[in-house]
1. Return the distance in nm (one decimal) between the two label points of a simple spin-label model at residue 251 and residue 51, each offset 7 Å from Cα along Cα→Cβ.
2. Longer than 23 Å from Cα to Cα, which of 83/142; 65/176; 196/241; 142/241 are they? Say none if no pair is.
3. Determine the gain in length on full extension of the stretch residue 260-residue 199; use 0.36 nm per residue of separation and subtract their C-alpha separation, reporting nm with one decimal.
4. Would you please state the base-10 log of I(q)/I(0) at q = 0.14 1/Å for segment 28-294, with intensities from the Debye formula using one equal scatterer on every alpha carbon?
5. Summing Lys, Arg as +1 and Asp, Glu as -1, what charge do residues with Cβ under 14 Å from the Cβ of residue 191 carry, residue 191 excluded?
6. With unit charges on the beta carbon (Lys/Arg positive, Asp/Glu negative), name the residue among 62, 133, 99 whose Cα is farthest towards the positive pole of the charge dipole of the chain.
7. What does the net charge come to around residue 153 if you take all other residues with beta carbon closer than 14 Å to its beta carbon, with K and R at +1 and D and E at -1?
8. Calculate, for residue 228 and residue 113, the FRET efficiency according to 1/(1 + (r/R0)^6) with r their C-beta to C-beta distance and R0 41 Å; round to the nearest 0.05.
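The numbers here are math on the coordinates, done by the rules we state, and not lab data. Computed from a predicted model, the values in this text were never measured in an experiment. Please note: Cβ atoms are built from the backbone with ideal geometry, for glycine as well, and neighbour counts cover all protein chains shown.
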Amino acid sequence: MEKMLMHTRLQKKIAQLLKPHNRPAAQQPSSTLNYYWRVFATGLSFATFGAGGVAIALVISPTVKLFERDPEQRHVLAQKTIKYSFRGFVEMMRALGIMTYDVQDVEKLENSYGELIVANHPTLIDVVMLIAFLPQANCVVKQSLWTNPFTRGAVRSAGYILNRGSEQFIEDCVDKLSTDQAGSLVIFPEGTRTEKDELLNKFQRGAANIAVRADVPLRPVLIRCTPSTLTKSEKWYRIPKQPFHMELKVLDSVQISDIMPVTEVHKTENSTRTVRQLNTWLFAFFKNEIELLSKK
């Protein structure tokens with residue numbers, strides 16, 4: 001009996017020794033090679049992005065000026081050029097194995113005109129993802145992009161709006177949305193990218209202020225990136241161990257009057273109160289929707 005037990009144990013030991021050894025995925029040579037490939041491909045993608053901005057400024061914009069006298073039409077053409085450039089950038093990153101993406105109800109973006117596109121802001125490429133699927137878009141840009149040699153030509157030729165952090169900035173946005181050929185305006189109420197491991201930053205009142213004054217439909221878009229990357233605290237080359245996935249959920253548009261009664265908003269005291277209430281509502285709405293999205 002004892003010999004049989006020893007024989008059985010010996011067989012199990014031999015079987016364990018002969019069993020193929022599976023390394024953890026992160027230690028596999030192919031995974032290591034894939035990681036460094038994606039670091040290189042990410043750098044290549046952003047270099048191409050910068051070169052594209054220079055090309056728009058030095059080649060496309062001057063060409064458009066030769067054939068189109070109307071400044072507004074020039075802005076429209078530049079915006080559409082940027083749209084297709086951004087779509088190409090997204091598809092390039094997908095083809096290189098850097099990322100995957102899913103845009104739920106994409107047709108709501110593809111048919112969006114004259115709306116205020118309000119979105120959370122987890123990553124560096126959120127605006128790229130949104131503009132890539134909008135037919136034409138206006139955009140609010142910060143000072144650093146307005147003066148950056150790789151981006152300033154493109155953002156100025158498109159007539160994008162410089163965020164001056166003042167009353168003039170709000171008026172510029174309202175004016176853009178009031179034109180006959182108004183593309184939708186993309187804005188991030190957080191003002192900057194969400195802090196890593198946070199759900200949302202505190203909302204600034206700019207988006208609510210524009211919505212109240214322009215009286216245009218709001219189109220909420222939820223953005224989720226897994227695993228976390230390209231946040232405010234992460235350099236572009238600090239990539240995750242696997243390709244990241246961008247998920248955009250495009251919701252139905254809403255009117256301010258559907259959210260709260262709006263009367264006599266032209267009066268300063270009423271307008272201020274309405275803006276504050278709308279901003280509070282937007283933050284609570286996004287917080288709830290993102291929590292639901294994160295649980296899926």
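1. 4.0 nm
2. Those over the limit are 142/241.
3. 19.4 nm
4. -1.01
5. Combined, the nearby Lys, Arg, Asp and Glu give +2.
6. 99
7. Combined, the nearby Lys, Arg, Asp and Glu give +4.
8. Calculated value: 0.80.
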